[in-house]
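Remarks on the structure that follows.
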Amino acid sequence: MVVHDISKIVLDENFEAKRSSGQESISFRDVSDFLRRHLIRIGICGVIGLALGAFYILNTAPTFTATVRLVIDPEQGRIASQDASTGTIIIEAAEIASEVEIVKSEAIARAVIEQLDLTNDPEIVGGGVSIRGMIGSLFSSGAKNSDDDKVDDEYLMRRTMAAFLSRVTVRRVGQSYVLEIGYSSTDPRKAAKTANAIAGAYIRTGMNERSDAARSGAKWLESRLIEVGAQARAAAMTVEEFRAKNDITTVGTASTLDQQQLSELSSQMLAARAATAAESAKLMTLQQLMSKDTLVATVNDSLDNPQIQKLNEEMRLASAKLDNLKTRYDSGNPAIVAAEADIARLDASLRNEFLRIEQFYKSNVDIAKTREKLLESELASLTAAGAGKNVARVELSEMESRATTYRSMYEGILQQLIGALQKQSFPLGKARIVTAATAPLGKTWPKPSTIMPFSLMFGLATGLMLSVLRDGLDRRVSSSERLRAELGITSLGHVPMFRSSPRPHQPPIASTMLPLRSVLDMPYSRFSEALRGVKNSVDSAFPANATAVIGVTSVGPGEGKTTIAANLAQLYMNEGTSVLLVDADFVGSRLSRVTTEDGAGFGMESLRILGIAGQYSRRRSEAPQHVEEFDGKAVRCVPVLTVDQTRKAAVAHQRYGHLPALKSELELLRQRYKVIIVDMSGFEDSADTRVICTYLDGIVVVLGQSDKMTVERLGEALATFGKSRVALLGVISNRSDGPRRTNIRWDRKQWRKFRK
């Protein structure tokens, strides 16, 4: 059986910690339910936001913004920003941002205010009257002091500048050198005039700054030029005196005389060594040729000797002739012998000619070596003579470098001085206007296209926030999810408030008891349908065909528990289930008074109309269900065990003997009835109810005012059970509001049909 143990729900000290540490997830359905519940509130807040936006638009003076565009010229040289080596001018984003701040500076603002006389503009200073001056005039007497006048004027100027700068906007257009200056005013022509004045003041300020900088720079450059010129002249005179003193003559502009002679001798020495190597190579080549046995095939034609060439040709012809004779004659033939003798003669002639040439090559080698030695001796003597001047040359080089540096500095300062004088005579501004400001055609503020969506979103956001706060601060138990999350209790359903039309021919007191049989009078009303859903939820908590003793109670009185119990019993009866209704409300005893003929004050006719029988009989032979005669017809009624019957069964001398008597009666009745519904008092203030709940298979708590009952209040009420083992089936929200549906109303024809 799926039930909830109150002792575990209420008395577990760690329940709150477990609940708070549990993982909670929000689904799309939760969000949709939340929006559906608070749709009206969110919509009202959105409408209020739109109304506020419209009110702001209608009551705000229109503002016009005029813009002027000017470009910063990077080619107008800046000494500090120009690379001295390459001459490249670099403008970074930080420099553009600096120019933006300069446009919004107080110096520019003061110049424009003085130019346009804005200290008397009521739009900026609110009528031009200083509050401080007004307060001071109240306490001052006599003529004002001149110092006070200056203070007031300065205060007025500061106040005007603050209001003026709040209307000025400056921004960089993309990544370009263009700045866009805007000014806002209620007068479009005034906005355009002021924007152009700001741009003009910025350009004039830049030109004045550059002119002042050029003037001061020219003075400094002139003094520096005189100083560097004197230093350069002194350095040049020192170089010439040192050169004359150490006899260092300069040839041209590159080197001295001894250095030139040394260079020429070195070149001649290298040429002599090359000539000696060439002649030696020729001699060695000729000697290698002469060391061979035969010279005919190895003589080099490149010797360029006619005699050798002639002998070489004759040697070739003689060799060809000998080879021809050897093919025709045998060895030892006189012709072959003669040819071999001719070849030997020619070889001897070649050798004699090579010997003559060898003697010539040897002579050339000796001459080259002699010249080389002569040049070596001259180079050594010149080197020894110039060794003493090396130290002087090093010192002279340093002096010349110093003189050259001073000369370069002098020329550079002279060029800068000329440029500064030109800028002073014709200063160039660092910015120029690209597009002048004109009177704007449309207002820039307030914009309905911006304010209305924003006000709508603000209103919706406010409504959503209020709804979230209301749900977060709402501790009522009207939500099934909150009951389950906070206390772990199941909601069996929401039963709407009973509404009925007056019936004809009914006793006045009987009309007060109509809710006790509303499921019979209006079987398809919202009340009946909701109670049938509650019955299904209760049945699902017990096994099939099992006897169930169900208690119906509430936190306090007047929550409709008796109505729920009576109608629930009639639902079981009309489904063919044997049911008994037990009145255990020993305080109010409403059911007992209804079923007692003289206790209720009206007759059995009204009781049968209510569908509730007289007192329950203990005779076992009697049928479980009451069937009584009414207008000649049998009417099935729910039997009721009254409070008086329970008290009569108690022991006479026991003051609270009705409790064990009721327990005994319930044990006996389990054998005769399948469903026993026990109507009890509110358990918060009734100890009897808390005891009776331990006798039952399950209890149902009726909350007649769930919109006012908080989770904390319900938890404290359930805590009154202590450690008693009580099975809580769930909670029924009685008299709750839900989706409305047309109620079934009784007319006279329907009532007569029901009576028949």
Here the qualifying pairs (Cβ atoms under 6 Å; residues six or more apart or on different chains; first in segment 657-668 and without any contact (Cβ under 8 Å) to a residue 60 or more places away in the chain and closer than 9 Å to Thr646 by Cα; second assigned to a helix (DSSP H, G or I) and open to solvent by 20 Å² or more (accessible area, probe 1.4 Å)) come out as Leu659/Val691
Among the residues of segment 91-100, is there at least one that is at pLDDT below 65, touching a strand residue (DSSP E or B) at 6+ places or on another chain (Cβ under 8 Å) and either exposed (fewer than 10 other Cβ atoms within 10 Å of the Cβ) or in a loop (DSSP other than H, G, I, E, B) (or both)?
yes
Can you spot a residue in segment 347-369 that is open to solvent by 80 Å² or more (accessible area, probe 1.4 Å), modelled with pLDDT under 75 and over 30 Å from Ala230 (Cα atoms)?
no
Restricting attention to helices (runs of 4 or more DSSP H) lying wholly within segment 672-756, give those where 3 or more residues are at pLDDT 80 or above and more than 53 Å from the chain's Cα centre (by Cα).
687-692
Check whether at least one residue in segment 53-63 is polar (S, T, N, Q), touching an Asp or Glu at 6+ places or on another chain (Cβ under 8 Å) and at pLDDT 90 or above, and report yes or no.
no
Do you know which of the residues in segment 131-173 that are assigned to a loop (DSSP other than H, G, I, E, B) and modelled with pLDDT of 65 or more is least open to solvent (accessible area, probe 1.4 Å)?
Val173
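The values are calculated or read from the model by the stated rules, or taken from the named source; none is laboratory data. Given the structure is predicted, the values throughout are model-derived calculations rather than measurements. Neighbour counts run over all protein chains shown; Cβ positions are idealised from the backbone, glycine included. Accessible surface is based on the protein model in full, side chains and every heavy atom, while ligands, DNA and RNA are left aside. Shrake-Rupley method; radii C 1.70, N 1.55, O 1.52, S 1.80 Å.
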